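Structure first, then comments.
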Amino acid sequence: MSADTAGPFDAPSDEDADGHLVLENAGGLRSLWPAWRAVPAGWTARFGPAPHAACLRLVEADRG
C-alpha cells in the first residue's frame, strides 16, 4: 500500500471526521472498525462514530 493510500482501519485524512466505531464482542474484546462498514455478527457498536484517534485510545486502553 502506498503512503497516499489509506486502508479502512487507518486514520482518515480529515482527523476530525467521525469515521470509526469501537465494537465489542460477547467476550469483551474491543475492536476499531470503520463506521461505513456493517457491524459484523457477534459484535456491538459501543462507541462512535467518532474520530479515529478517540476510538483508538479506547481500544488501546483495554490492552493495558
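The values are calculated or read from the model by the stated rules, or taken from the named source; none is laboratory data. In this text, all values refer to a predicted model and were calculated from it rather than measured experimentally. Every residue, glycine among them, receives a Cβ derived from its backbone with ideal geometry; neighbour counts consider all protein chains shown. When the accessible area is computed, the model is the full protein with side chains, heavy atoms only, and any ligands, DNA or RNA have been set aside. Shrake-Rupley method; radii C 1.70, N 1.55, O 1.52, S 1.80 Å.
I'd like the full set of residues that are modelled with pLDDT under 95 and part of a loop (DSSP other than H, G, I, E, B), limited to the stretch 39-60.
Within the stretch 39-60, just Pro51 meets the criteria.
Starting from the stretch 22-42, take each residue that is in contact (Cβ under 8 Å) with a residue 60 or more places away in the chain and list its partners that are in a strand (DSSP E or B) and open to solvent by 70 Å² or more (accessible area, probe 1.4 Å), counting only C-beta distances under 7 angstrom and pairs at least six apart or across chains.
Once the first residue is in contact (Cβ under 8 Å) with a residue 60 or more places away in the chain and sits in the stretch 22-42, no partner that is in a strand (DSSP E or B) and open to solvent by 70 Å² or more (accessible area, probe 1.4 Å) comes close enough.
Working only within the stretch 23-33, note down all residues that are of a type outside the set (D, E, K, R) and crowded, with 16+ Cβ neighbours inside 10 Å.
Leu23, Ser31, Leu32, Trp33
Which count do you get for residues in the stretch 34-60 that are open to solvent by 70 Å² or more (accessible area, probe 1.4 Å) and of a type in the set (Gly, Ala, Ser)?
Of the residues in the stretch 34-60, 2 are open to solvent by 70 Å² or more (accessible area, probe 1.4 Å) and of a type in the set (Gly, Ala, Ser).
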